[in-house]
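One structure below.
The values are calculated or read from the model by the stated rules, or taken from the named source; none is laboratory data. This one's a predicted model, so the numbers in the text were calculated from it and none came from an experiment. Virtual Cβ from ideal backbone geometry, glycine too; neighbours counted across all protein chains shown.
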Amino acid sequence: MAQLINDSHSVYVTGSMAIHPFGMGIQSLWEACINKSRAFQEGLLYISKDLTEKCRGEFNLFPQKPLVKEVIQNDLLIWSLYSLKKVINESQLPLSNRDGLIIATTTGLTRIWEQGLLSHFKNEPVTGLLYQPLGGFAGEINQQLGHCGPLQVVSSACSAGTQAIGLGRSWIKSGFVERCFILGAEQICNLTRSGFKSLSLVSGNDCVPFNEERSGICLSEAVGALVLEGKNRGKAVMTVEGYGSASDGYSMTSPKPDGSGPYNSMSAALQDANISSRQVDWIHAHGTGSLHNDRAEAAAIKKLEILSPVSSTKGIHGHSLAASGVLETILCEEAFLRQQILESSFSEPKHFTININDRSRPSQLDYIIKNTLGFGGINASLVLGRVSK
Amino acid sequence: MKYWKHHSESDLIFDPRFRKATKMMKVLSAGFEELFPEEDMKNKLIDAEIYLGSLHGEIEPTFNYLKGLAESEVGRPFLFQNSLHHSTTGFLTQQYQLLGPAYSLCGIENAQVELLMFSLSQSLLNKKNQLLIYCDSFPIDLAELTEFESETKCEILYLAEDTLQNYQWIKQEDSSCVEVDSFEKFYQVINSRQSFTLTQNQAQMSFVAKNESC
């Protein structure tokens, strides 16, 4: 069945784009991490309206009649279409049915739906839709891009973005597609904003991962787009060398405290990349700033005997749920380019005995692990590699 | 390979262990236990890849959560955690200690074909036991407001890693193979060893039975 597989070649990240609360492109987010910029308000961080208008102005984002007219006003769709059009344009190859698209989102167009439903419940005139199917977001993107290749939407909680990258890599390696676009997209909506608060998971102040004085997560919005290819067409600085995912079978909202979930996903990713844990130069942790997450992830890192520095950057950009895996993988790409690692912001006083990184600094980077842990006990890890010159 | 399709809810025995579960979780668990009564089969599933696809996901708790929010401005945490699409998949992994990779996928047009295409495309690189689940349950309250039908659906397909050992994936498109448009059709086609094609968007994926052509 697998006649066309060539296991020997790497999968390259040949393009990327990010939109986040600090701006457009990864440089502005990198600078925010270096400068320890904090912008959370009551544990939330939004993308500005100005940035949304900028996205809308650069491309004709809706060249086709939308499947649902309300989506033209949806910010998440605007950021997503902008990011995908940007990486497609820069890729300089037209879309074909040999191009895959994998979208990671937990809420998609829920915001449109809940607007309609909330007005209905309050006996107000309905603005928006009373319901939007889960795949409506992907269908609209497909329609506007004119994409005709394989399409999937992964919604495995906060591990969805990392899983999407791992699955896209598999598509490339097997020869199923020639190029794969990955989109991680998340917008804060009433459901997530009030839902995480109802679980007492949202910090009233700032997000301080791995700090013993932590008070919870900060939610944020983001979109990240990546292009994966089996060939390096010149500019790639990063490869996806390994991928692993595992369930921990423990709880709907908390990872198993012994860290067996992230341990298994990291072990699988290392095995897939055919490297040892000692070859890892930096771990870009999930590090949400919730006690349960930080404890399980730290236990897994310790069990793997990884001594390399560990950073979470969510103290700066917050947690963008399904988009976080893609956004933070783009941060890792920038780290390879600069040969520099970021500090784990605001982690003093430290809670764990793993090597939490104190300061942003130059560092020889050949391999990075990117972790994500999600509700429902799902974990996913990537081993990212530097493209040798 | 094993296949189970949801029948009438009155025929399903819901375990009291599931009293806090959503309707989809209950039906899925009942189906899982019917399909895999033997302990050794559960052992084979411990590190299987799980692919769960749905057009609407856990829409009932989502609807009820938002209703509560509109009425009292306070969200109920239990409804929120069950509103996540991955909560169904997570519930299954927790209940039966399935520790492999689990993927919650959003159906776009034909969730069953999309699930099959995705799982088979992943098996091109690594052959593993796979559990494919399609489920949907649309709440009556919301069905009355929209064009969707209120109906609970659940289908489970277990593909052992050697299910397609007598097949070869062909890269070129071939529309003369049997078109598979559901789990049930896939089950029939494999059991009769016919070559088949899956179509999603404008992309096709064809598997040819060895020593045969489409």
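When the residues of segment A:114-154 are narrowed to those that are aromatic (Phe, Trp, Tyr) and out of contact with any Lys or Arg (no Cβ under 8 Å at 6 or more places or on another chain), which ends up farthest from A:Leu93 (Cα to Cα)? Per the criteria, the residue is A:Tyr131. When the residues of segment B:160-199 are narrowed to those that are closer than 26 Å to B:Leu45 by Cβ, within 12 Å of chain A (Cβ to nearest Cβ) and touching a residue at least 24 places away in the same chain (Cβ under 8 Å), which ends up surrounded by the fewest Cβ atoms within 10 Å (Cβ to Cβ)? Only one residue tops the list, namely B:Asp162. Could we say that A:Ile47 is in contact (Cβ under 8 Å) with a residue 24 or more places away in the chain and not in a strand (DSSP E or B) here? Here the answer is yes, as A:Ile47 does meet what is asked.
All of A:Ser220, A:Ser254, A:Ser265, A:Ser308 fail the test of being surrounded by fewer than 22 Cβ atoms within 10 Å (Cβ to Cβ) and under 20 Å from the mean Cα position of the chain (by Cα), apart from A:Ser254.
Going by the conditions given, is B:Ser195 closer than 15 Å to B:Gly53 by Cβ, of a type in the set (S, T, N, Q) and touching a Cys at 6+ places or on another chain (Cβ under 9 Å)? No, not satisfied. Would you mind stating whether A:Ile102 is on the phi < 0 side of the Ramachandran plot, within 11 Å of another protein chain (Cβ to nearest Cβ), crowded, with 24+ Cβ neighbours inside 10 Å and touching a residue at least 40 places away in the same chain (Cβ under 8 Å)? So A:Ile102 fits the description; yes.
For segment B:1-57, give me the residue count where each residue is part of a loop (DSSP other than H, G, I, E, B), among the aliphatic types (A, V, I, L, M) and closer than 30 Å to B:Leu125 by Cα.
Within segment B:1-57, residues that are part of a loop (DSSP other than H, G, I, E, B), among the aliphatic types (A, V, I, L, M) and closer than 30 Å to B:Leu125 by Cα number 5.
Among the residues of segment A:334-345, is any assigned to a helix (DSSP H, G or I), modelled with pLDDT of 95 or more, in contact with a strand residue (DSSP E or B) (Cβ under 9 Å, 6 or more places away or on another chain) and among the acidic types (Asp, Glu)? Yes: one or more hits.
B:Ser54 fulfils the conditions (1) under 25 Å from A:Ala138 (Cα atoms); (2) more than 7 Å from every other protein chain (Cβ to nearest Cβ); (3) at pLDDT 95 or above except for a single criterion, (2).
Answer yes or no: is there a residue in segment B:126-139 that is without any contact (Cβ under 8 Å) to a residue 60 or more places away in the chain, within 11 Å of chain A (Cβ to nearest Cβ) and farther than 23 Å from B:Met24 by Cβ. Give the steps one after another, and end with the answer.
Quick first cut of segment B:126-139, residues without any contact (Cβ under 8 Å) to a residue 60 or more places away in the chain only: B:126-127.
Imposing the further condition that a residue be within 11 Å of chain A (Cβ to nearest Cβ) reduces the set to B:126-127.
Restricting the remaining residues to those that are farther than 23 Å from B:Met24 by Cβ gives B:126-127.
For segment B:126-139, residues without any contact (Cβ under 8 Å) to a residue 60 or more places away in the chain, within 11 Å of chain A (Cβ to nearest Cβ) and farther than 23 Å from B:Met24 by Cβ: present.
Scanning segment A:172-179 finds one or more residues that are within 20 Å of A:Ala269 (Cα to Cα), not basic (Lys, Arg) and not in a strand (DSSP E or B). The residues of segment A:86-112 that are part of a helix (DSSP H, G or I) and either over 17 Å from A:Ile47 (Cβ atoms) or among the polar types (S, T, N, Q) (or both), listed by number, are A:Val87, A:Ile88, A:Asn89, A:Glu90, A:Ser91, A:Thr110. Residues of segment A:193-207 that are more than 12 Å from chain B (Cβ to nearest Cβ) and either touching a Ser or Thr at 6+ places or on another chain (Cβ under 7 Å) or surrounded by fewer than 23 Cβ atoms within 10 Å (Cβ to Cβ) (or both): A:Ser203, A:Gly204, A:Asn205, A:Asp206. Reported count of residues in segment B:92-105, each being part of a helix (DSSP H, G or I) and either basic (Lys, Arg) or within 7 Å of chain A (Cβ to nearest Cβ) (or both), is 2.
Scanning segment A:118-167 for residues that are part of a helix (DSSP H, G or I), facing another protein chain (nearest Cβ under 8 Å), free of Cβ contacts under 8 Å to residues at least 24 places away in the same chain and of a type outside the set (Phe, Trp, Tyr) gives a single hit, A:His120. Scanning for something at the interface with chain B (Cβ under 7 Å from one of its Cβ atoms) and either buried (at least 24 other Cβ atoms within 10 Å of the Cβ) or under 24 Å from A:Ser48 (Cβ atoms) (or both), does segment A:179-192 turn up at least one residue? Yes.
Of the residues making up segment A:350-382, those that are in a strand (DSSP E or B), of a type outside the set (Lys, Arg) and more than 14 Å from the chain's Cα centre (by Cα) number 5.
Looking at segment B:188-207 only, could you name the residues that are closer than 26 Å to A:Gly100 by Cβ and among the hydroxyl-bearing types (Ser, Thr, Tyr)? Give the derivation first.
Restricting attention to segment B:188-207, the residues satisfying the condition of being closer than 26 Å to A:Gly100 by Cβ are B:189-190, B:195-207.
Once the filter is applied, which keeps residues that are closer than 26 Å to A:Gly100 by Cβ and among the hydroxyl-bearing types (Ser, Thr, Tyr), segment B:188-207 yields B:Ser195, B:Thr197, B:Thr199, B:Ser206.
Considering only residues of segment B:66-90 that are touching a Gly at 6+ places or on another chain (Cβ under 9 Å) and more than 7 Å from chain A (Cβ to nearest Cβ), which is surrounded by the fewest Cβ atoms within 10 Å (Cβ to Cβ)?
In the first step, residues of segment B:66-90 are kept if they are touching a Gly at 6+ places or on another chain (Cβ under 9 Å); the result is B:66, B:68-69, B:74-77, B:79-81, B:83-90.
Within this subset, residues satisfying the condition of being more than 7 Å from chain A (Cβ to nearest Cβ) are B:68, B:74, B:79, B:88.
On the way: B:Gly68: 18, B:Val74: 11, B:Leu79: 22, B:Thr88: 26.
The extreme case among them is B:Val74.
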